[in-house]
1. Could you check GLU211 against (1) surrounded by fewer than 20 Cβ atoms within 10 Å (Cβ to Cβ); (2) outside any strand (DSSP E or B) and say which number it fails?
2. What strands (runs of 3 or more DSSP E) completely inside region 49-110 contain at least 2 residues that are in contact (Cβ under 8 Å) with a residue 24 or more places away in the chain and of a type in the set (A, V, I, L, M)?
3. Residues being β-branched (Val, Ile, Thr), farther than 23 Å from LEU322 by Cα and not assigned by TED's automatic domain parsing to the domain that holds GLU211: count how many of those fall in region 239-265.
4. Against the condition within 24 Å of LEU320 (Cβ to Cβ) and in contact (Cβ under 8 Å) with a residue 60 or more places away in the chain, how does GLY722 come out, does it pass?
5. Could you tell me which of the residues GLY344, GLY403, GLY361 is under 26 Å from MET158 (Cα atoms) and in contact with a Lys or Arg (Cβ under 9 Å, 6 or more places away or on another chain)?
6. Report yes if some residue within region 267-286 is of a type outside the set (Val, Ile, Thr), in contact with a helix residue (DSSP H, G or I) (Cβ under 6 Å, 6 or more places away or on another chain) and farther than 30 Å from MET608 by Cα; otherwise report no.
7. So the check is Cβ under 7 Å with 6+ separation or different chains; which pairs have a first residue in region 387-409 that's assigned by TED's automatic domain parsing to the domain that holds ALA471 and a second one that's surrounded by fewer than 19 Cβ atoms within 10 Å (Cβ to Cβ) and in a helix (DSSP H, G or I)?
8. Residues of region 596-621 being closer than 18 Å to MET317 by Cα and surrounded by 24 or more Cβ atoms within 10 Å (Cβ to Cβ), which ones?
Amino acid sequence: MKDDVNKDPVDYVKPYIGSIGHLLTATSPTVMLPHSMVQVSPVFTPGITDVYLADKIYGFPVGACTIMPTVNCDEIQPSKCASSFDHDFETATPYYYSVLLEDYDITVEYTVTYHAIYYRFTFPASANSNILISALDAGELEVTDFRVVKGYCILNGMKRYIYMEFSRPFEGYSVYKEGRQEIVQQKAFKLEAEKTGFAAKYETSDKDCIEVKVGLSYIDVDQAHRNLVTEIPDWDFESIKSQARDIWNNALKAIEVKGGTEKQRTIFYTALYRAMSRMVNVTEYGRYYSNYDKKVHDCEGHDFYVNDGIWDTYRCMHPLQLLIDSRRQMDMIRSYLHIYENTGWLPTFPHLERDLDVMIGNHAAAFILDAYMKGYRDFDVEKAYEAMKKNAMECTKLPWRKGPLTELDKVYLEKGFFPALDKGEEETVKEVHPFERRQAVSVTLEWSYDDWCVAQMAKALNKEEDYRYFAKRAQNYKNLYNERIGFMAPKNAHGEWVKDFDPKLGGGLGGRDYTTECNSWIYTFHVQHDIDGLIDLMGGKEKFAERLDALFTEQYDGPKYRFLGQFPDSTGLIGQYAQGNEPSFHIPYLYNYAGQPWKTQRIVRKIMDIWYGDGPLGICGDEDGGAMSSWFVFSAMGFYPVCPGKPVYDIGSPIFEEIKIHIDNDKVFTIKAINVSSKNKYIQSAELNGKPLNEPWIKHEDIVNGGTLVFHMGPRPNKSWGI
C-alpha cells in the first residue's frame with residue numbers, strides 16, 4: 001500500500017467496510033472487475049452472516065463449485081476441511097485477495113479477469129497436500145492429463161461450466177464419496193454437494209507454489225476454455241494481478257477527489273467500488289447465454305446484463321452509473337427489454353436464472369425514463385414504453401408477486417388506492433404473499449411515482465391520451481393523505497380509513513400490512529415526483545419544513561430495541577429517519593423545496609459523518625446492491641437525484657475541496673468547494689461556469705456538457721442562498 005500522498009483511488013478501497021451488519025445483510029470482500037461476470041469472495045462459516053466475524057473459511061468459489069487446499073486431510077466435505085484464519089494475516093482489495101489458512105499453514109491468493117480466476121496456493125512441506133473441489137449442488141467433471149479438470153456444476157437448476165488448469169501435473173487424484181476415498185483414477189465423475197468431491201494430490205516442499213487457473217462460462221466448456229486462454233494465456237500471476245489493479249484504478253478515476261480526510265476518501269472510493277458491482281455483464285466475447293429463453297445469442301454489439309434489485313438501485317445507483325458510463329446503461333436497459341420479451345413483464349430483480357419477484361413497484365419505468373429524459377436513447381424506445389405500460393396496466397401490484405391483476409388491483413384502478421385490511425380482518429385474497437402482506441400505503445405511493453414515469457414517457461412520445469390517464473394516476477398519492485393526522489394512511493376497499501392506524505408502529509413486522517420495511521413517518525414523504533403537491537397537502541412550505549424537522553427528532557415510543565425489533569430494516573436512525581433503508585434517501589434534500597436549503601446541507605453532512613465509516617460497521621443498512629454506497633458518492637460530491645426521471649439534481653453539501661467527474665463523452669465537470677471543512681458545511685454562494693447560481697439544484701446537461709461549479713463554504717448558514 002502506498003503512503004497517502006501517492007495513493008491511487010484503488011488503494012483507498014477497503015472491501016471489508018460494512019462486513020458487520022447493523023441488523024441485516026453485511027457486505028463481503030469481493031474480488032471482481034467492474035460489473036464482471038466473475039465475483040469471488042471466500043466461503044465463510046455457514047450461518048455467520050457478519051462475515052468479518054466468521055471463524056473459518058470453507059473454500060473459495062469456482063463457478064458453482066468450491067476449491068480448497070489442505071494438508072494431511074483426507075476429508076472432502078467442506079464442513080470437515082475448513083480452516084481458521086486471522087484478519088491480521090489477510091489482504092483484501094477489489095483486485096486481489098490473500099489469506100493464511102492457519103490450520104494448514106497454506107497461503108491462498110487469487111486475482112481475477114472478467115471471465116476467469118487465478119489462484120495461487122503456497123504449501124508447507126507435506127507428503128499429503130491436496131486441492132479439493134466440491135459442488136455446491138451437483139455437477140459432472142472430467143480429468144485430462146493430470147493437469148486439467150473440466151465440466152460443469154449446477155446451481156439453481158442452471159449449469160456453470162468450468163475449465164481448470166493446474167500449473168503442474170498432480171501426482172494422483174481421488175474421488176471421494178460420503179467422505180471416504182472410494183474411486184481412484186476415474187476419468188469422469190459426478191459430484192453431489194457434501195457427499196462427493198475431487199482431490200488433486202501432491203507432495204510439496206516448504207513454500208511450494210501451485211497455481212490454478214479457472215475459466216468460467218454459462219455457454220459451454222469450450223467457451224470456458226476460450227475465456228481462460230484469452231484472458232490468462234500464461235502462468236504469470238503478478239501480471240494478471242497488476243492488470244486487474246489497473247482496470248479498477250481507471251474505473252475509479254471516473255471521479256477524482258482532492259481534499260477531505262483519508263477516512264472520507266476511503267469511504268468514498270469504497271462506495272464507488274460497491275456502486276460498480278451491479279449489474280453483471282454475462283457476455284462472453286460476442287455471445288451470451290440467456291436463461292430467460294434457454295438460448296445462446298450473438299450480442300450484436302450490445303452486452304447482456306443480469307443481477308439488479310431495481311427497488312434499491314433506481315434511486316441513485318443507476319443515475320450514478322449513467323453519469324460516468326452511459327453506454328453501459330443502454331445495454332442494461334436493452335437487457336431489461338430482452339427479459340420483458342421472454343417473460344411478458346419488466347423485471348424487478350433480473351437474476352441470472354430468472355426474475356425474482358421481490359419488493360414492490362414498476363421501478364424499471366423510472367430506470368428507463370431517467371435515461372431517456374437525460375438524453376440517452378440507444379434502445380428500442382417504443383418497446384420500452386410498451387413494457388412500462390403493460391406492467392402498469394396488466395401486472396399485479398401485490399408485493400413480491402408477478403402475474404395478472406387481482407381484485408385488489410382493480411380497487412387501485414377504479415378508486416386510486418391499494419386497499420388495506422382493517423385491523424383484525426383475515427386475509428381472503430389468495431394471491432397475497434403470506435409474509436410480505438399487502439403493504440397497501442407503500443404500494444399506492446410507489447406506483448403513483450411509477451405511473452408518473454409512464455406519463456412522462458407517454459408525453460415525450462406524443463401519446464396524449466396515455467399521458468393524461470397516467471398523469472391522473474400519478475396523483476393517487478393524495479388519496480391516502482389523512483389530513484386529520486397529517487400522515488399517509490391506509491384505507492380499506494370501501495374507501496374508509498383503517499381505524500386506530502398508528503403511523504409509527506402500525507402494520508406489524510416491517511409495517512408490512514401498510515408499508516414496506518419503513519413506517520409512515522418515512523413513507524409520508526415518498527412523493528418524489530410531485531413535491532410541490534405534497535407541500536400543499538401539508539399546508540405550505542413552513543409546515544412542510546416543520547414536519548421534516550419532526551421526522552429527524554421523533555423518538556420510538558418505547559425502547560429503541562423494541563422499535564428495531566419491529567423495523568429491522570430501519571437502521572441508521574436519526575429520529576424516525578432511517579438512512580439504513582432506501583425509501584429515506586431523498587428526504588434530506590426536501591428542505592430545498594421548503595425554502596430552507598441550509599437544513600439539507602446540515603443533515604446530509606450529519607448522515608455522512610455518523611452513519612458511514614471506514615470499518616466493518618461502516619454501512620448502516622442492508623447494502624446488497626450498491627444503493628447505500630451510491631447515496632454516499634452523490635452526497636459527498638454535493639448533489640443528489642431526488643426524482644429519477646427529472647434531469648436535475650438537488651444540491652447538498654460537498655465534503656471535498658475539488659471533485660472532477662469524467663463524463664463518458666470526454667467532458668469533465670469540476671466541483672470546487674472553497675474553504676470546505678467539517679465546520680464549513682454551509683453554502684454561502686455559488687457560481688456555475690462563472691455565473692451566480694442561486695438555486696439549490698443543477699441540471700443534468702450542466703454536468704455532461706462539462707464546466708465548473710464553485711461553492712463558497714462557511715460555518716454558519718446563509719439563509720438567503722438557494723431559496
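The values are calculated or read from the model by the stated rules, or taken from the named source; none is laboratory data. Note that the structure is predicted; figures quoted are calculated from it, not measured. No Cβ is skipped: glycine too gets one built from the backbone with ideal geometry, and neighbour counts run over all protein chains shown.
1. (2)
2. 56-62, 65-71, 96-101
3. Step one: of region 239-265, the residues β-branched (Val, Ile, Thr) are 240, 247, 255, 257, 261.
From what's left, farther than 23 Å from LEU322 by Cα: 240, 261.
If we keep only those that are not assigned by TED's automatic domain parsing to the domain that holds GLU211 as well, we get 261.
Of the residues in that region, 1 qualify.
4. So GLY722 passes the test.
5. Every option except GLY344 fails the conditions.
6. yes
7. Pairs found: PRO404/GLU394; LEU405/GLU394.
8. VAL604, TYR612, ILE619, GLY621
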